[in-house]
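The values are calculated or read from the model by the stated rules, or taken from the named source; none is laboratory data. Bear in mind that the values here come from a model prediction, so they are computed numbers and not experimental data. Here the Cβ positions follow ideal geometry from the backbone for every residue, glycine too, while neighbour counts run over all protein chains shown. Accessible surface areas use protein heavy atoms only, side chains included; no ligands, DNA or RNA. Shrake-Rupley method; radii C 1.70, N 1.55, O 1.52, S 1.80 Å.
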Amino acid sequence: MKPAAFTFQRPTELSEALAAYAANPGAKILAGGQSLIPLMSMRLTTVSELIDINGIGELSFIEASEAGVRFGALARHAELHAHEEARRVQPMLHAALSHVAHATIRNRGTTVGSIVHADASGEMPVVLTLLGGTLTVASTEGRREIAADDLFIGPLETALESGEIAVEAFVPALPARHGIAFDEIARRHGDYALCGLGVVLGLTEDGGIESVRAGYISVTETPIVVDLTECFPDGIDASSLVAAGEKALEQLEPEGDIHASAEYRAQLARTLTARVITAAHADAKARLFQEVTA
C-alpha cells in the first residue's frame, strides 16, 4: 500500500524544526523512519506532515566520556554499535545493538528514534531503563531531561508533550566491579524477540554479589527492569538462578500471542534469566580481575 497524502519539509536548523512542529500538532518527526514509514505505508497511522530532521547536523553525534555516552537523535544504530569508545565506556550498548533488527535497518534506523517509539519488544527502550539513562527533549519553550523511569507511560507511549522533539539520549558509564550481558531468542536473528534480557551485575570488593538488575523485552507492554539481588545472598549457583527466574516471573506475567504462548514465554524468561545472569557474572569477574591487576 501507499501512505495517505501528506506535506513534507526538511529544515536544516533545530529551531526551524521546533517551530514547524509547534505549528502543526498533526505532524510527525522523521529521523530513521524504520518504524514510522511502514506504519504509514500500511495506513496504520496517518500524518498531515512529515518534518525530516536529517538535515540538522547538530543532532548527529556520539560522545563518550568517563561519565557515560551521549548520542544525538541522528546517531544511527550501526554508528553507535561500531563506536569503540562508547563500547568501552558502556558495553551494554554494543551488546544490545548487536540484536537490533537487521543490518539494513541498523544502517538507517536511529537509536533515539527506537527509544521514542517505545516498543517494549525493542531492545533500546529497555536498555535505557536498565542503565538509568535519560532522554533530552526540546520544544520552542526550551529543553528538559526525562529519566528513563518516567519516560515510558504505556504501550508505544512516552511522556513527551506536544511539540517536543527528542534530541539526544545519555546512558551512564558502567561502574567499576560491574559486568553486563545481553541475549534474546527470536525466530531468526534480527527479528523481534520472543523474549530478551539484559543484565547488569555488580560485585563487592571481595567478589561477592552486590547487585543484579535485569531488563526484559517482549514480555510486558512497557519496558521493565527487575531487581533480582535478593536471590543471590550466598553467590550464584543452580538453585539461586532458578529462584531468580521465578522471582522475575512474579513481575513479568507474560501473555501469549500469535508468536508464542504465555507458557512458552515464561519458560524462555526462566532460561534466559539463568543464562544471562551467568554470563554477566563471568563478565564482572573478568573486569574485576583486570581492575585489580591493572
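Enter the Cα centre distance for the pair the stretch 155-211 and the stretch 27-80, rounded to the nearest angstrom.
Between the Cα centres of the stretch 155-211 and the stretch 27-80 lies a distance of 20 Å.
Most mobile of P233, P125, P172 per a Gaussian network model of the chain (Cα springs, under 10 Å)?
For the chain, modelled as a Gaussian network with Cα springs under 10 Å, the answer is P233.
Run the reach check for K2 against lysines, Cα to Cα strictly under 22 Å, same-chain hits fewer than 8 apart removed. What comes back?
K2 reaches K28.
Below 8 Å between Cα atoms, with a sequence gap of 6+, how large is the relative contact order for the chain in percent? Provide the component values of the computation, followed by the final result.
Values: 642 pairs, mean separation 44.7, N = 294.
Reported as a whole number, the value is 15 percent.
What FRET efficiency, computed as 1/(1 + (r/R0)^6) with R0 = 45 Å and r the Cβ-Cβ distance, is obtained for T229 and L44, rounded to the nearest 0.05? Please report the intermediate quantities before stating the final value.
Working: r = 41 Å, r/R0 = 0.90.
Efficiency for this residue pair is about 0.65.
Roughly what % antiparallel, to the nearest 5, for the DSSP beta bridges in the chain? Write down the numbers at each step before the final one.
On the way: 42 of 49 bridges.
The antiparallel proportion sits near 85 percent.
Please work out how much length the chain gains when fully extended from D191 to T278, using 0.36 nm per residue of separation minus the C-alpha to C-alpha distance, in nm with one decimal. List each step's numbers first, then the result.
Numbers: separation 87, 0.36 × 87 = 31.32 nm, distance 2.44 nm.
Working it through step by step, the gained length comes to 28.9 nm.
In nm, to one decimal, how far is the modelled label at S162 from the one at R144, with both set 7 Å along Cα→Cβ?
Distance between the two pseudo-spin positions: 1.5 nm.
Given R₀ = 35 Å, FRET efficiency for A238-E205 by Cβ-Cβ distance, to 0.05? Walk me through the numbers on the way to the answer.
On the way: r = 26 Å, r/R0 = 0.73.
Taking R0 as 35 Å, the efficiency between A238 and E205 is 0.85.
Figure the gain on full extension for Q9 and E66 (residue separation times 0.36 nm, minus the Cα-Cα span) and round it to one decimal in nm. Don't skip to the answer; put the middle values down first.
On the way: separation 57, 0.36 × 57 = 20.52 nm, distance 3.81 nm.
The Q9-E66 span can extend by a further 16.7 nm.
Under the Karplus relation 6.51 cos²θ - 1.76 cosθ + 1.60, θ = phi - 60°, what is the ordered set of whole-Hz ³J(HN,Hα) values for the stretch 37-50, x standing for Gly and Pro?
Each residue's phi maps through the Karplus curve to give 4, x, 5, 5, 5, 8, 6, 7, 8, 10, 10, 7, 7, 9 Hz.
Over the stretch 7-52, what is the relative contact order in whole percent, taking alpha-carbon pairs under 8 Å and six or more residues apart? Can you show the working numbers first?
Details: 46 pairs, mean separation 26.5, N = 46.
Computed over the stretch 7-52, the figure is 58 percent.
Highest GNM mean-square fluctuation, the chain, Cα pairs closer than 10 Å: which of A120, A148, A103?
Most flexible of the set in this elastic network: A103.
Let me have the 222 nm mean residue ellipticity of the chain computed from DSSP H runs of 4+ only, each contributing -39500 (n - 2.57), with the sum over all residues rounded to the nearest 500. Display every interim value, and only then the final one.
Working: 11 runs with 107 residues, N = 294.
Mean residue ellipticity, 222 nm, calculated: -10500 deg cm²/dmol.
Please report, to one decimal in angstroms, the Kirkwood hydrodynamic radius of the chain built from all distinct Cα-Cα pairs.
Numbers: mean 1/r = 0.0503 Å⁻¹.
Here the Kirkwood hydrodynamic radius works out to 19.9 Å.
Pick out, in residue order, every one of the GluC sites (Glu not before Pro) in the stretch 1-94 that is DSSP loop and has at most 10 other C-beta atoms within 10 Å; say none if there are none.
Numbers: sites: E13, E16, E49, E58, E63, E66, E79, E84, E85; in loops: E13, E66.
Sites meeting the loop and neighbour criteria: E66.
Please compute the per residue accessible area over the chain with all protein chains in place, 1.4 Å probe, rounded to a whole number of Å². Working shown, then result.
On the way: 13470 Å² over 294 residues.
Per-residue accessible area for the chain comes out at 46 Å².
Highest first, please rank the peptides 215-223, 158-166 by the mean number of other Cβ atoms sitting within 10 Å of their residues. Please list the in-between numbers first.
On the way: 215-223: 23.3, 158-166: 18.0.
Those peptides, ordered most packed to least, come out 215-223, 158-166.
If one computes P(r) from the Cα atoms of the stretch 4-120, what percent of pairs lie at distances over 24 Å?
Numbers: 2081 of 6786 pairs.
Of all Cα-Cα pairs in the stretch 4-120, 31 percent lie more than 24 Å apart.
With the full set of protein chains in place, find how many percent of the accessible area of the chain is carbon and sulfur; take the probe as 1.4 Å.
On the way: 6830 of 13470 Å².
Of the solvent-accessible surface of the chain, carbon and sulfur hold 51 percent.
Tell me which lysines have Cα within less than 28 Å of K247's Cα, excluding those fewer than 8 residues away on the same chain?
Partners within reach: K285.
Return the loop-located trypsin sites (Lys or Arg not before Pro) in the stretch 72-141 (DSSP other than H, G, I, E, B) with at most 16 other Cβ atoms within 10 Å of their own Cβ; answer none if there are none. Mind dumping the intermediate values first?
Numbers: sites: R76, R87, R88, R106, R108; in loops: none.
Loop-located and lightly packed - none at all.
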